[in-house]
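Trainee: The following block contains the structure, expressed as structure tokens.
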Amino acid sequence: MAMTPRQRLLATLRGEPTDRVPVSLYEIDGFTSVACPDHPSYGPIRRAARERLDNMVFCGGGVPGRLGFLMTAGDDDLVSRESYPEGASTVTVTRVRTPRGTLQTTTRRDPATYTTWTTEYLLKGPEDVDRLLSLPYRPATADIRRVREIQALVGEEGIPLVDIGDPIGAAGAFMEFQALLELVAFDRVRLRALLDWALERMLDVTASLLEQGAGPLFRMCGAEFATPPYMRPDDFAEFVVAYDRPIIELIHRHGQMLRLHCHGRLSQVLDMIAELEPDALDPVEAPPGGDIELAEVKRRIGDRICLMGNIQESMFELATEQELRDEVRRTLDVGAPGGRFVLLPTATPITVPLPAQVERNLFAYIDEGLR
């Protein structure tokens, strides 16, 4: 008997038998436009994803208020935000007043790509880290309305995917990558203080989400900031394993599941990832994006963790339809045996309008994945 997408995904995550391998298009799910352009050119592929695929639909419960992006309640007057046009783009400047001075970040939104670019980071150096840490913390109840909307909207056609970060991911989002690496090299005490700051808030927000019924699947991202060659395996243990474990354990204590998102080179940190006991790992990039083949990842941890991957997004952009089909078939031949595998790309397109070749390859991916 055919399973519903919800049944199929949950069984795969638990290592139970399924009627077929789940197939997903990552951010393109047809239910929302959280991570997919809400543009007419994406209409056909979004409909196909909603009607045919096994969708993990992005949603999240943030902290309400202007300080919510810093995971704290507080005085909205501490934050000012202004937006203005710059050519065809929209620029937004956000300022935060702290006891030690003002922090500022600037972003730009372009009409041709469905993403927001950070052009000025919130933390420019150690002094700004100290300013952020001086901001008083007031825990708040997470806003779960969007999660509940997605739970009701998706039903048996997929599962909600509650998107959360991790402490090193928060640090990487607030500062240029070079500045993060300089803290690793020269100021680890201050870096750990920043990670402690993030962990306290993330535990409170995640607990609030769980207590209100969020789930069944959470996605944690950020570990890729600490993979080789950027950081050493010992750094991964110190800044990822030590800080992600309490959040994962909290999610598991509430009977929910965790999908760990980590691009890059995993061979030297794969056993540490397994020690964290996530229920799933994505996108399991093969060389040259990563440094380990899917077959090896499957051999080492595939009996304990559901693997999701590992079609490179660039194939949608650059491959012929036949090359794309061949890669999907090869990936299924490796990933499907033994179960605990979801066919998933490493990302999905964000260009507007959707190029014709990319659209053809997206449909080829679906057709071959479900064949």
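The values are calculated or read from the model by the stated rules, or taken from the named source; none is laboratory data. Just so it is clear, the model here is predicted, and its values are computed rather than measured. Note: ideal-geometry Cβ built from the backbone for every residue, glycine included; neighbour counts use all protein chains shown. Ligands, DNA and RNA are stripped out before the accessible areas are found, and what is left, the full protein with its side chains, is counted by its heavy atoms. Shrake-Rupley method; radii C 1.70, N 1.55, O 1.52, S 1.80 Å.
Trainee: At q = 0.31, 0.32 Å⁻¹, what is the base-10 log of I(q)/I(0) for segment 319-371 according to the Debye formula with one equal point scatterer per Cα and no solvent? Please give it to two decimals.
Mentor: -1.30, -1.33
Trainee: Let me ask something else about it. I'd like to know how the chain sits against the 2.2 N^0.38 Å rule of thumb: what's its Cα Rg over that expected value?
Mentor: Against the empirical 2.2 N^0.38 Å value, I get 0.98 for the chain.
Trainee: Averaged across orientations, what area in nm² does the convex hull of the alpha carbons in segment 1-75 project?
Mentor: For segment 1-75, averaging the hull's shadow over all directions gives 7.0 nm².
Trainee: Okay, next question. Taking H as built 1.01 Å from N, whose amide H comes closer than 5 Å to the amide H of Phe218, not counting residues under 5 places away?
Mentor: Here the answer is Val162, Met257, Leu258, Arg259, since their amide H atoms fall under 5 Å of that of Phe218.
Trainee: Going from the alpha-carbon gyration tensor of segment 96-189, what semi-axes, largest first and in whole Å, does one get by taking the root of 5 times each eigenvalue?
Mentor: 31, 18, 15
Trainee: Still on this structure, please answer the following. Computing the accessible area with a 1.4 Å probe over protein heavy atoms, can you report the carbon and sulfur percentage for the chain?
Mentor: Result for the chain: 50 percent of the exposed heavy-atom area is carbon or sulfur.
Trainee: Return, for the Cα atoms of segment 35-115, the radius of gyration and Dmax in Å, separated by a comma.
Mentor: 17.6, 53
Trainee: Using only DSSP helix segments of four residues or longer, with each worth -39500 (n - 2.57), what per-residue ellipticity at 222 nm results for the chain after dividing by its residue count and rounding to 500?
Mentor: Mean residue ellipticity at 222 nm (helix-derived): -11500 deg cm²/dmol.
Trainee: Also, quick follow-up: Relative to the Cα centre, what is the charge dipole magnitude of segment 219-294, using +1 at the beta carbon of each Lys and Arg, -1 at the beta carbon of each Asp and Glu, and rounding to the nearest 20 debye?
Mentor: It works out to roughly 220 debye.
Trainee: List every residue whose amide H lies under 5 Å from the amide H of Val342, counting only residues 5 or more places away in sequence or on a different chain, with H placed 1.01 Å from N in the peptide plane.
Mentor: Answer set, sorted by chain and number: Leu307, Met308, Gly309.
Trainee: OK, next. Taking θ = phi - 60°, what integer Hz values does the Karplus form 6.51 cos²θ - 1.76 cosθ + 1.60 yield along segment 98-105, in sequence order, with x for Gly and Pro?
Mentor: Whole-Hz 3J(HN,Hα) from phi for segment 98-105: 10, x, 10, x, 8, 9, 9, 9.
Trainee: Work out, step by step, the length gained on full extension between Thr4 and Arg232: first 0.36 nm times the residue separation, then minus their alpha carbon distance; give nm to one decimal.
Mentor: Contour length minus the Cα-Cα distance gives 77.8 nm.
Trainee: Send over a whole-number figure in Å² for the accessible area per residue of the chain, probe 1.4 Å.
Mentor: Accessible area per residue: 42 Å².
Trainee: For Ala274 paired with His252, estimate the spin-label separation in nm (one decimal), with each label point 7 Å from Cα along the Cα-to-Cβ line.
Mentor: With each label point 7 Å from Cα toward Cβ, the separation is 1.5 nm.
Trainee: Given N residues in segment 1-139, what is Rg(Cα) / (2.2 N^0.38 Å)?
Mentor: That ratio works out to 1.44.
Trainee: Something else now. Over the Cα atoms of segment 233-371, how large are the radius of gyration and the largest Cα-Cα distance (Dmax), in Å?
Mentor: 16.2, 46
Trainee: Could I ask something else about it? Before anything else, pin down the relative contact order of the chain: Cα pairs under 8 Å, at least 6 apart, normalised by residue count, whole percent.
Mentor: With pairs under 8 Å counted, the relative contact order is 18 percent.
Trainee: Test of understanding: what is the full-extension gain from Arg66 to Arg47, defined as 0.36 nm times their sequence separation minus their Cα-Cα distance?
Mentor: Stretched out fully, the Arg66 to Arg47 stretch lengthens by 3.4 nm.
Trainee: Now for a separate question. What distance in nm lies between label points placed 7 Å from Cα along the C-beta direction at Ala295 and Gln178?
Mentor: About 4.2 nm, to one decimal.
Trainee: Indicate the gyration tensor shape class of segment 276-338 (rounded, prolate or oblate), computed on the Cα atoms with a ≥ b ≥ c the square roots of the eigenvalues: a/c under 1.5 is rounded; otherwise a/b larger than b/c is prolate and the rest oblate.
Mentor: prolate
Trainee: If you don't mind, there's one more thing I want to ask. Beyond 16 Å, what percent of the Cα pairs of segment 94-139 remain?
Mentor: 47
Trainee: For segment 253-340, calculate the relative contact order in percent as a whole number, restricting contacts to Cα pairs under 8 Å that are 6 or more residues apart.
Mentor: 26
Trainee: Can you bin segment 157-315 into rounded, prolate or oblate? Criterion: square roots of the alpha carbon gyration tensor eigenvalues sorted a ≥ b ≥ c, rounded for a/c under 1.5, prolate for a/b above b/c, oblate for the rest.
Mentor: oblate
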